[in-house]
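Let me begin by presenting the structure, written as structure tokens, before commenting on it.
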Amino acid sequence: MYRSLLTIQLQAAFTAAGITLPEGFSVAVELASDTRFGDYQSNAAMTLAKQLKTNPRALAEQIKGALNVEGLCSEVSIAGPGFLNFRISPAALASKVNAIVSGEACDVAKTGAPRTVVIDFSAPNVAKPMHVGHIRSTFIGDCLARVARFVGHKVITDNHIGDWGTQFGMIIHGWKTLLDQEALKADAIHELVRCYKAVNSACAVSKKDEQGNEVPLPPDVVAKAQALHETCKGELVKLQQGDADNLAIWKECVRLTMEQLDKVYGTLGIHFDYTLGESYFNDALAPLVDDLLARGIAVVSEGAVIIASDGTKAPENDPFLIKEGDAWKPTPAIVRKGDGGFLYATTDLATINYRVNEWKADEIWYVVGAPQALHFRQVIDAAARMGHTTKLIHIAFGSILGEDGKMFKTRSGETVGLLEVIEEAIDRARAAADEKEQGFTPEEKDSIAQTIGSGAVKYAELSQNRLTDYKFSWDKMLSLKGNTAPYLINAYVRTRSIFRKLGDSISLTNDCALTEPAEITLATKLAQFAEATHDVLSDHRPNVLATYLYELANTYHSFYEACHVLNSEGTVRNTRLLLCEATSRVLKQGLDLLGIKTTERM
Ligand code: ARG
């Protein structure tokens, strides 16, 4: 990666110039913001000059003089008050293109500091509707796992499904009284959700009017609802005490849900190393709370066990305080309720112990929506107090909105499950393919529609800044123009069609020689694939890679317009074909890191 190579050389130049860098000073090289002056830039000389109170331009000159970038740069220049600009030489770029074509993994170097990273994503809840948050989590988490593996980390993916909790009182009662066996066979998740929702609404003691105000229901309805609620609670207690019937129902609910989810994950090419689920930690909860109490990390408060502010932090940095008006309101994490029940936070803390002890996790990444920010602040703080040094990161994201700017729904209305979204996308891609008759067999059409449909949904997600809410638009995401999966897959298809035209007759030699500006621009972009993949992880943002691939496809199209490929000859032709092949590989590899498949024709 040129950025690291240049950083090393720049650091060496400071030493060679006899300058000792102040402690903690980092010599940073970045991709150039304006490529007219270079491909990479650094403001190290400027920043240092400020600290040393010397002339920045003179310092930059001194560093430039001591810099050894032979074979790497064709030009080093100084701009403005002391920016250093680096232009990579065509010869270096040419050997990079050769390496991308002949090497493994598009010649992206692995990280020098591999870590064991547990990625916690997807995590839907058994017999509760899967909502858009789970969809975003699934795609972002899978992409981060792919990229982290690609750059050399040891990644463990764990689907922490919600397979335990108070909802099972209602689910079990629904199972015993409302279950339709046929419907269960046809679509288990749907039927379980139906039963859960029916019981849940029958337990309601009030309803919302048009203005959204709670209005109490008539006394006889309330009495019935309260009685039902007690029945459900009874079912839950029986389950928790190990009642054989209820345990069997619970197990069956989890099994049926997982069976169906695994199919969806399979279609999407998403793999989990583990699906331990919340229930896996049941036995660890009581000892955990005892330990927290014994060590004074948790305290008893009004019968419950809580972890509260330790008062050592400024209010704005205290994870147990949130601002309400002008005042700071305490929001302790509850780890055991007054009735002895355990909570979401308790399970998460037990899960951290497990991941650290069993898997030796250096980092745990939680890909979970922004509404759970408070929960993770508290859990992360509690884990630190427990003595964990593992880096825990909440990778939050915003919501998906419908085209009307309101909550997102599918064609069928109601809930938005992952499965429904993907099926609808594939249907739409298939309909678009049917419009254009291109001599594909029905099987080929199905496979192309699969690739384009699921690719389009994933890319629409991954090309967004994860923290902003984004509008879900079928037409936009399936369009062949613009920043979409079909556009990128089509760019790949176009690179392949060149080689199809040439047939077997073509064998490329490893002697790329770049001369035309469009060739050099494309090679520069190809070389930056390494930076793009590594940068995804600096703030856990898949859109960094998506943007890179989109720019690469555009650069490739400009190159193809400016330079004849098939009609050229000799070394020129070989060079240009190498550029096409390298583009093809980087597009395929890059899309694969986003979890998107490619097709040879479309
Ligand atoms: N099941 C949870 C939900 O649907 C998400 C779990 C996220 N992971 C975790 N370790 N808390 O909201």
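The values are calculated or read from the model by the stated rules, or taken from the named source; none is laboratory data. The structure displayed is predicted, hence computed values, not measured ones. Counting neighbours? That spans all protein chains shown, and the Cβs are built from the backbone with ideal geometry, glycine included. For the accessible areas, the whole protein counts, side chains as well, though only heavy atoms, and no ligand, DNA or RNA atoms are used. Shrake-Rupley method; radii C 1.70, N 1.55, O 1.52, S 1.80 Å.
Please identify the pairs in which a residue from the stretch 108-132 that is on the phi > 0 side of the Ramachandran plot has its Cβ atom under 6 Å from the Cβ atom of a residue that is among the hydrophobic types (A, V, I, L, M, F, W, C) and within 10 Å of the ligand (Cβ to nearest atom), counting only partners at least 6 apart or on another chain.
Ala123/Ile161
How many of the residues making up the stretch 80-133 are farther than 30 Å from Ile422 by Cβ and touching a strand residue (DSSP E or B) at 6+ places or on another chain (Cβ under 9 Å)? Spell out the reasoning first.
Residues of the stretch 80-133 farther than 30 Å from Ile422 by Cβ: 80-104, 107, 109-116.
The next check asks that each one be touching a strand residue (DSSP E or B) at 6+ places or on another chain (Cβ under 9 Å); those that pass are 83-92, 96, 114-116.
Residues flagged as farther than 30 Å from Ile422 by Cβ and touching a strand residue (DSSP E or B) at 6+ places or on another chain (Cβ under 9 Å) within the stretch 80-133 amount to 14.
Looking only at the stretch 345-372, filter to residues that are outside any helix (DSSP H, G or I) and away from the ligand (no atom under 12 Å from the Cβ); which one of those is surrounded by the fewest Cβ atoms within 10 Å (Cβ to Cβ)? Full working, then the answer.
Going residue by residue through the stretch 345-372, those that are outside any helix (DSSP H, G or I) are 360-369.
Of the ones still in play, those that are also away from the ligand (no atom under 12 Å from the Cβ) are 360-363.
Details: Lys360: 12, Ala361: 24, Asp362: 17, Glu363: 17.
Result: Lys360.
Can you tell me how many residues within the stretch 377-407 are among the hydrophobic types (A, V, I, L, M, F, W, C), touching a residue at least 24 places away in the same chain (Cβ under 8 Å) and assigned to a helix (DSSP H, G or I)?
Number satisfying all stated conditions: 4.
Considering only residues that are more than 8 Å from the ligand (Cβ to nearest atom) and either within 16 Å of Asp262 (Cβ to Cβ) or touching a Lys or Arg at 6+ places or on another chain (Cβ under 8 Å) (or both), which ones fall in the stretch 130-140?
Met130, Arg136, Thr138, Phe139, Ile140
Residues Ala432, Ala460, Ala456: which one is surrounded by fewer than 18 Cβ atoms within 10 Å (Cβ to Cβ) and part of a helix (DSSP H, G or I)? Before the answer, list the steps.
Values: Ala460 fails: surrounded by fewer than 18 Cβ atoms within 10 Å (Cβ to Cβ); Ala456 fails: surrounded by fewer than 18 Cβ atoms within 10 Å (Cβ to Cβ).
None of the other options fit; the residue is Ala432.
Examine the stretch 571-578 for a residue that is part of a loop (DSSP other than H, G, I, E, B) and either closer than 20 Å to Ser507 by Cα or modelled with pLDDT of 95 or more (or both), and state whether such a residue exists. First the steps, then the outcome.
Kept after step one, since they are part of a loop (DSSP other than H, G, I, E, B), are these residues of the stretch 571-578: none.
No - not one qualifying residue is present in the stretch 571-578.
Say whether the condition of being assigned to a strand (DSSP E or B), at pLDDT 95 or above, among the hydroxyl-bearing types (Ser, Thr, Tyr) and open to solvent by less than 40 Å² (accessible area, probe 1.4 Å) is met by at least one residue in the stretch 5-19.
no
Among the numbered conditions (1) assigned to a loop (DSSP other than H, G, I, E, B); (2) acidic (Asp, Glu); (3) at pLDDT 95 or above, tell me where Glu600 comes up short.
Failed condition: (3).
Determine, yes or no, whether Val421 is closer than 29 Å to Leu549 by Cα, surrounded by 13 or more Cβ atoms within 10 Å (Cβ to Cβ) and within 22 Å of the chain's Cα centre (by Cα). Give the derivation first.
Details: closer than 29 Å to Leu549 by Cα: yes; surrounded by 13 or more Cβ atoms within 10 Å (Cβ to Cβ): yes; within 22 Å of the chain's Cα centre (by Cα): yes.
The answer is yes for Val421.
Here are the criteria: (1) closer than 27 Å to Leu293 by Cα; (2) open to solvent by less than 10 Å² (accessible area, probe 1.4 Å); (3) within 12 Å of the ligand (Cβ to nearest atom). Tell me which single one His375 does not satisfy.
With (1) closer than 27 Å to Leu293 by Cα; (2) open to solvent by less than 10 Å² (accessible area, probe 1.4 Å); (3) within 12 Å of the ligand (Cβ to nearest atom) applied to His375, the lone miss is (2).
Does the stretch 83-103 contain any residue that is outside any helix (DSSP H, G or I) and open to solvent by 30 Å² or more (accessible area, probe 1.4 Å)? Before the answer, list the steps.
Step one: filter the stretch 83-103 for residues outside any helix (DSSP H, G or I), giving 83-89, 103.
Restricting the remaining residues to those that are open to solvent by 30 Å² or more (accessible area, probe 1.4 Å) gives 83, 87.
Among the residues of the stretch 83-103, at least one is outside any helix (DSSP H, G or I) and open to solvent by 30 Å² or more (accessible area, probe 1.4 Å), which makes the answer yes.
The rows are residues; the columns are (1) open to solvent by 60 Å² or more (accessible area, probe 1.4 Å); (2) at pLDDT 95 or above; (3) more than 18 Å from Asp158 (Cβ to Cβ).
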residue: Thr257; (1), (2), (3): no, no, no
residue: Asp262; (1), (2), (3): yes, no, no
residue: Tyr274; (1), (2), (3): yes, yes, no
residue: Ala284; (1), (2), (3): no, yes, no
residue: Val289; (1), (2), (3): no, yes, yes
residue: Val300; (1), (2), (3): yes, yes, yes
residue: Val305; (1), (2), (3): no, yes, yes
residue: Glu316; (1), (2), (3): yes, no, yes
residue: Asp326; (1), (2), (3): yes, no, yes
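In the stretch 205-212, is there at least one residue being within 16 Å of the ligand (Cβ to nearest atom) and touching a helix residue (DSSP H, G or I) at 6+ places or on another chain (Cβ under 7 Å)? Steps first, please.
Kept after step one, since they are within 16 Å of the ligand (Cβ to nearest atom), are these residues of the stretch 205-212: none.
No, the stretch 205-212 contains no residue that is within 16 Å of the ligand (Cβ to nearest atom) and touching a helix residue (DSSP H, G or I) at 6+ places or on another chain (Cβ under 7 Å).
Name the pairs: first residue in the stretch 151-167 and farther than 19 Å from Ala532 by Cα and near the ligand (Cβ under 10 Å from one of its atoms), second residue among the aliphatic types (A, V, I, L, M) and outside any loop (DSSP other than H, G, I, E, B), Cβ to Cβ under 7 Å, at least 6 apart or on different chains?
Cβ pairs passing all conditions: Asp158/Val118; Asp163/Val254.
Which pairs have Cβ atoms under 6 Å, sit 6 or more apart or on different chains, and link a residue in the stretch 517-529 that is in contact (Cβ under 8 Å) with a residue 40 or more places away in the chain to one that is assigned to a helix (DSSP H, G or I) and open to solvent by 20 Å² or more (accessible area, probe 1.4 Å)?
Ala518/Ala562; Ile520/Pro90; Leu522/Thr555; Ala527/Lys96
Could you say whether any residue in the stretch 504-518 is at pLDDT below 95, part of a helix (DSSP H, G or I) and open to solvent by 50 Å² or more (accessible area, probe 1.4 Å)?
Checked against the condition, which is being at pLDDT below 95, part of a helix (DSSP H, G or I) and open to solvent by 50 Å² or more (accessible area, probe 1.4 Å), the stretch 504-518 yields at least one hit.
If Gly341 satisfies every condition in (1) within 16 Å of the ligand (Cβ to nearest atom); (2) among the small types (Gly, Ala, Ser); (3) modelled with pLDDT under 95 but one, which is the exception?
Evaluating Gly341 over (1) within 16 Å of the ligand (Cβ to nearest atom); (2) among the small types (Gly, Ala, Ser); (3) modelled with pLDDT under 95 leaves (1) as the failure.
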